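Encoded as structure tokens, the structure appears first; notes follow it.
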Amino acid sequence: MKKLILLVPLILTSCGSAEHEWAWYILSPNKVNGLTNLKFLLSGMGLTIYISVISIIISMFLGFVVAIPSLAKNKFLTYINIGYVEIVRAIPLLVLILWVYYGLPIMTGLSFSPFVSGIIALAISESAFQAEIFRAGINSIKKSQWEAGSSLGLTFYKRLRLVILPQAIKNILPALGNQFVYVLKMSSLVSIIGIADLTRKANELVVSTYRPLEIYTFLILEYLILILIVSFFVRKLEKRLKKDGNN
């Protein structure tokens, strides 16, 4: 993937217009400074992927925990689920990131690093969507499956773990994959608190080169290629699950 990205400046070198003269030489792998700039930009990719993966894993756990009350017949527990989902979804992710990093230490006295703060905010924001995915997936399982587990003398949690979840996970895997793409894009917002991800690296390079158009165009291409690769595997997973379901 890195080799593919390195070819982009060469392809776009000939681009230009009457109003703006493109300066792709600042990202040309054939020039010392260009190669240095490329390596600097690409160095943020690993952290972007790492933050996204950790955030999606934590959000899946939180989302599942939040989704459990919605399965209960108790209206109070159901309202807890609805309240959490609606409140968290109503908070813009950027605002949540700033609040966790700057506001939470003032309220609790606990200070987190930018990296941890970014993951916490991403995980909390995404958990509301994950909760809805889990709720819909579990509710898609026929009632007879619950009754079958009950006839075997299984408790609610054993029925959920042994009978319902294995079937529900298969149904919601494509949706979880799509949410990973969403988190991957939204992770660019953590750059505002100083995390050296792809976006932060681009911002720093713009300050030193004064070429925002070229840098941010390349940044778009980085995210585009990264997300297209993830989307490819998500679609491949969907086709495989559909094929297995037909069999």
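Could you identify the single residue in SER127, SER111, SER117 that is touching a helix residue (DSSP H, G or I) at 6+ places or on another chain (Cβ under 6 Å), assigned to a helix (DSSP H, G or I) and farther than 26 Å from ARG159 by Cα?
The conditions single out SER117.
Counting only residues that are under 15 Å from GLU204 (Cβ atoms) and either polar (S, T, N, Q) or open to solvent by less than 60 Å² (accessible area, probe 1.4 Å) (or both), how many does the range 34-70 have?
10
Could you say which residue among LEU228, LEU241, LEU224, LEU184 is crowded, with 16+ Cβ neighbours inside 10 Å and either in contact with a helix residue (DSSP H, G or I) (Cβ under 8 Å, 6 or more places away or on another chain) or more than 18 Å from ILE57 (Cα to Cα) (or both)?
That would be LEU184, the only listed residue that is crowded, with 16+ Cβ neighbours inside 10 Å and either in contact with a helix residue (DSSP H, G or I) (Cβ under 8 Å, 6 or more places away or on another chain) or more than 18 Å from ILE57 (Cα to Cα) (or both).
Considering only the range 143-150, I want to know if a residue exists there that is open to solvent by less than 60 Å² (accessible area, probe 1.4 Å), assigned to a helix (DSSP H, G or I) and touching a residue at least 60 places away in the same chain (Cβ under 8 Å).
no
Can you tell which of SER144, SER140, SER150 is modelled with pLDDT under 90, within 23 Å of PHE180 (Cβ to Cβ) and among the polar types (S, T, N, Q)?
Selected residue: SER140, the only one of SER144, SER140, SER150 that is modelled with pLDDT under 90, within 23 Å of PHE180 (Cβ to Cβ) and among the polar types (S, T, N, Q).
Could you grab the pairs with beta carbons closer than 9 Å, sequence gap of 6+ or different chains, first residue in the range 28-43 and within 13 Å of LEU198 (Cβ to Cβ), second one among the basic types (Lys, Arg) and at pLDDT 90 or above?
Final answer for the pair search is PHE40/LYS201; LEU41/LYS201; LEU42/LYS201; SER43/LYS201.
Kindly indicate the residue of the range 151-160 that is more than 13 Å from PHE134 (Cα to Cα) and in a helix (DSSP H, G or I) and also most open to solvent (accessible area, probe 1.4 Å) among those meeting that condition.
TYR157
Considering only residues that are open to solvent by 20 Å² or more (accessible area, probe 1.4 Å) and among the β-branched types (Val, Ile, Thr), look in the range 96-119 and name the one that is nearest to SER59 (Cα to Cα).
Applying the filter and picking the extreme gives VAL116.
When you scan the range 165-177, do you find a residue that is open to solvent by 30 Å² or more (accessible area, probe 1.4 Å) and over 26 Å from GLY63 (Cβ atoms), even just one?
No, because not a single residue in the range 165-177 is open to solvent by 30 Å² or more (accessible area, probe 1.4 Å) and over 26 Å from GLY63 (Cβ atoms).
Of the residues that sit in the range 79-95 and are in a helix (DSSP H, G or I) and under 18 Å from the mean Cα position of the chain (by Cα), which one is surrounded by the fewest Cβ atoms within 10 Å (Cβ to Cβ)?
At the first step, the residues of the range 79-95 found to be in a helix (DSSP H, G or I) are 79-90, 93-95.
Subsequent filtering for residues that are under 18 Å from the mean Cα position of the chain (by Cα) retains 85, 88-90, 93-95.
Numbers: VAL85: 21, VAL88: 18, ARG89: 12, ALA90: 8, LEU93: 17, LEU94: 14, VAL95: 13.
Here the residue is ALA90.
With respect to the numbered conditions (1) more than 19 Å from ALA202 (Cβ to Cβ); (2) modelled with pLDDT under 90; (3) surrounded by 12 or more Cβ atoms within 10 Å (Cβ to Cβ), which one is the sole condition not fulfilled by TRP24?
So TRP24 meets the others, but not (1).
The values are calculated or read from the model by the stated rules, or taken from the named source; none is laboratory data. Being a predicted model, the structure only gives us computed values, none of them experimental. As a convention, Cβ positions derive from the backbone with ideal geometry for all residues, glycine included, and neighbour counts pool all protein chains shown. SASA here: full protein model, heavy atoms, side chains in, ligands and nucleic acids out. Shrake-Rupley method; radii C 1.70, N 1.55, O 1.52, S 1.80 Å.
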